[in-house]
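Engineer: Have a look at the structure that comes next, please.
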Amino acid sequence: MKKILVIGSNGQIGTELVLSLRERYGNEAVFAADLSKSCPAIIINGPYVQLDVLQKEAIREYIISNEIKEVYLLAALLSATAEKNPDFAWKLNMEGLFTILDLAKEKHIDKIFWPSSIAVFGPTTPADKTPQYTIMEPSTVYGISKLAGERWCEYYHKKHQVDVRSLRYPGLISYKSPPGGGTTDYAIDIFHKATAGVDYDCFLNETSALPMLFMDDAIRATIELMEAPSEQIKIRSSYNLAGVSFTPKELSEAIKKQLPDFKITYNPDFRQAIADSWPNSIDDAITEQHWGWKPRFDLPKIVDEMIKNIKK
Ligand code: NAD
Ligand code: SER
C-alpha cells in the first residue's frame, strides 16, 4: 500500500482532497496532517496527525518512519492573509516546500504535489487568456512566494530528478469547507449570504473578472496530474489551469436567476489591488495537450451546485 500524506488537510482544498484520495486509495493509505489537535469531522474516516510543516525535524521523522511515499503540500498563507503578514507568509510558503523537496531529493519520497496559483502573474502580464509562458512580475508577497516555489520545483526536478508536480489553481469555489483568506473568497461568501436571504457587500468592484474553478474540477485535475505517466508531465514549474471566468456582477446575475430577491453592493477594500494585478482569464491549452485536462463545471452548473448544497 502506497502511503500518502496531505499537509494542510484541514483547509478548503485539503478536506476535499483527503476525501477523494481516500475513496481512491483506501482510508488507511491517506494520512491527514494539520496544525490543530483534531481534524474536521468530515475527514475523521482515516488517520490524522498534528504536524507543523515548519518543524522540519518532526516532519522528516514522521515521513521517514511512516514510509510516506507521496506528499501533497497544501499548507500556506493565501493572498489576502499574506499581505497582512509578509515575513511569516514568505517563511511558511517557502520553508515547508524545501523540507519536502529535500526529502524527495534524498529518495525518501517518490512524488510531490505542490499547488501554485494565478497569483504568479502580475500587472504587466497580459490579462486575457493568460498563456502558460508570459511575463511574470507578481506584486503580492503570495505571488512572489508562489513564483519562487515554481522555480525551485523545476530546479529540483532538473538537478535532482525530483518528481514534483504542480497546478496554478485559479480561485476555487466550494461548499464543504470554508476558504482560507484569499482574494477570490468573495465567490464563496456570496453564496452563503444569498442562500441565507441576506444581501452581500462585495469587497471587489463589480467589473473585477477573475479566473475560477469548481472544487470538484480542481480535485480531479490534481489527481489526474498525479496519476499521469511521468513522461507526460513536461512542465515541472506549474501548469496553467482554467475553468470559468466571471465578474462579481456576472456571478450575482447568475445567482439572481435562482434567487431573484438577492441584492449585492460593492465596497472594494485592499483586496481590490490584488485582484487588479491578476489575470481576467487563463489559457490552459498546453495543460490539455500534455495530460488531457478539461473542466466540467461552467458558471450555471457551479451556481446550481453551490445553492443546492449550501441549502442542504
Ligand atoms: P487553507 O488556508 O484553506 O488551508 C491551508 C491549511 O494549511 C489550513 O488548514 C492550515 O491550518 C494549514 N496550515 C497552515 N500552516 C501550517 C503549518 N505550519 N503546518 C501544517 N499545516 C498548516 O488553504 P487552501 O485554500 O486549502 O489552499 C491550499 C493550497 O492551495 C495553498 O498552497 C494555496 O496557496 C493553494 N491555492 C489555493 C487556492 C484557492 O482558491 N483555495 C487557489 C490557488 C492556490
Ligand atoms: N484563491 C487564491 C487567493 O485568492 C488564489 O491563489 O489567494
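The values are calculated or read from the model by the stated rules, or taken from the named source; none is laboratory data. As the structure is a prediction and not an experimental result, all values here were calculated from the model. Here the Cβ positions follow ideal geometry from the backbone for every residue, glycine too, while neighbour counts run over all protein chains shown.
Engineer: Can you tell me which residue among Asn93, Asn85, Asn45 is at pLDDT 95 or above, within 16 Å of ligand 2 (Cβ to nearest atom) and surrounded by 15 or more Cβ atoms within 10 Å (Cβ to Cβ)?
Structural biologist: Just one listed residue meets the conditions, Asn93.
Engineer: Can you tell me how many residues in region 184-208 are in a loop (DSSP other than H, G, I, E, B), surrounded by fewer than 21 Cβ atoms within 10 Å (Cβ to Cβ) and in contact (Cβ under 8 Å) with a residue 12 or more places away in the chain?
Structural biologist: Of the residues in region 184-208, 6 are in a loop (DSSP other than H, G, I, E, B), surrounded by fewer than 21 Cβ atoms within 10 Å (Cβ to Cβ) and in contact (Cβ under 8 Å) with a residue 12 or more places away in the chain.
Engineer: Of (1) away from ligand 1 (no atom under 14 Å from the Cβ); (2) within 20 Å of the chain's Cα centre (by Cα); (3) of a type outside the set (S, T, N, Q), Leu172 satisfies all except one. Which?
Structural biologist: The number of the failed condition is (1).
Engineer: Only one of these conditions is not met by Thr15: (1) surrounded by fewer than 21 Cβ atoms within 10 Å (Cβ to Cβ); (2) in contact with a helix residue (DSSP H, G or I) (Cβ under 8 Å, 6 or more places away or on another chain). Which number is it?
Structural biologist: Exception for Thr15: condition (1).
Engineer: Has region 150-173 got at least one residue that is more than 10 Å from ligand 2 (Cβ to nearest atom) and under 25 Å from Ala41 (Cβ atoms)? Let's see the steps before the verdict.
Structural biologist: Filtering region 150-173 down to residues more than 10 Å from ligand 2 (Cβ to nearest atom) leaves 150-167.
Cutting the leftovers down to under 25 Å from Ala41 (Cβ atoms) gives us none.
Taking every residue of region 150-173 in turn, none turns out to be more than 10 Å from ligand 2 (Cβ to nearest atom) and under 25 Å from Ala41 (Cβ atoms).
Engineer: Hey, another quick one. For Arg220, all conditions in the list (1) assigned to a helix (DSSP H, G or I); (2) under 24 Å from Lys84 (Cα atoms); (3) within 17 Å of the chain's Cα centre (by Cα) hold save one; what is the number of the exception?
Structural biologist: (2)
Engineer: If you don't mind, another one. Is it true that Arg271 is in contact (Cβ under 8 Å) with a residue 24 or more places away in the chain, within 16 Å of ligand 2 (Cβ to nearest atom) and of a type in the set (Lys, Arg)?
Structural biologist: In short, yes.
Engineer: Please work out which one of (1) within 8 Å of ligand 1 (Cβ to nearest atom); (2) farther than 17 Å from Ala273 by Cα; (3) out of contact with any Asp or Glu (no Cβ under 9 Å at 6 or more places or on another chain) is the condition Thr195 fails and give its number.
Structural biologist: With (1) within 8 Å of ligand 1 (Cβ to nearest atom); (2) farther than 17 Å from Ala273 by Cα; (3) out of contact with any Asp or Glu (no Cβ under 9 Å at 6 or more places or on another chain) applied to Thr195, the lone miss is (1).
Engineer: Turning to a different aspect of this structure: Filter region 52-77 for residues that are over 24 Å from Glu28 (Cβ atoms) and surrounded by fewer than 23 Cβ atoms within 10 Å (Cβ to Cβ); which is farthest from ligand 2 (Cβ to nearest atom)?
Structural biologist: The residue in question is Glu57.
Engineer: Suppose we filter Ala104, Ala127 for residues that are under 26 Å from Ile286 (Cβ atoms), of a type in the set (Gly, Ala, Ser) and not in a loop (DSSP other than H, G, I, E, B); which single one remains?
Structural biologist: Values: Ala127 fails: not in a loop (DSSP other than H, G, I, E, B).
Being under 26 Å from Ile286 (Cβ atoms), of a type in the set (Gly, Ala, Ser) and not in a loop (DSSP other than H, G, I, E, B) holds for just one of Ala104, Ala127, which is Ala104.
Engineer: Please verify whether Asp269 is buried (at least 16 other Cβ atoms within 10 Å of the Cβ) and of a type in the set (Asp, Glu), treating the condition exactly as stated.
Structural biologist: So Asp269 fails the test.
Engineer: What's the number of the condition Pro126 fails, among (1) crowded, with 16+ Cβ neighbours inside 10 Å; (2) under 30 Å from Ile264 (Cα atoms); (3) of a type outside the set (Gly, Ala, Ser); (4) more than 15 Å from ligand 2 (Cβ to nearest atom)?
Structural biologist: (1)
Engineer: Can you pull out the helices (runs of 4 or more DSSP H) entirely within region 1-90 that have at least 1 residues that are near ligand 1 (Cβ under 10 Å from one of its atoms) and under 19 Å from the mean Cα position of the chain (by Cα)?
Structural biologist: Of the helices (runs of 4 or more DSSP H) lying wholly inside region 1-90, those with at least 1 residues that are near ligand 1 (Cβ under 10 Å from one of its atoms) and under 19 Å from the mean Cα position of the chain (by Cα) span 12-25, 79-84.
Engineer: So, one more: Of the residues Thr140, Thr184, which is in contact with a strand residue (DSSP E or B) (Cβ under 8 Å, 6 or more places away or on another chain) and either modelled with pLDDT under 95 or over 20 Å from His290 (Cβ atoms) (or both)?
Structural biologist: Answer to the selection: Thr184.
Engineer: Turning to a different aspect of this structure: Please go through region 132-177 and pick out each residue that is in contact with a helix residue (DSSP H, G or I) (Cβ under 6 Å, 6 or more places away or on another chain), part of a helix (DSSP H, G or I) and touching a residue at least 40 places away in the same chain (Cβ under 8 Å).
Structural biologist: Val141, Tyr142, Gly143, Ser145, Lys146, Gly149, Tyr156, His160
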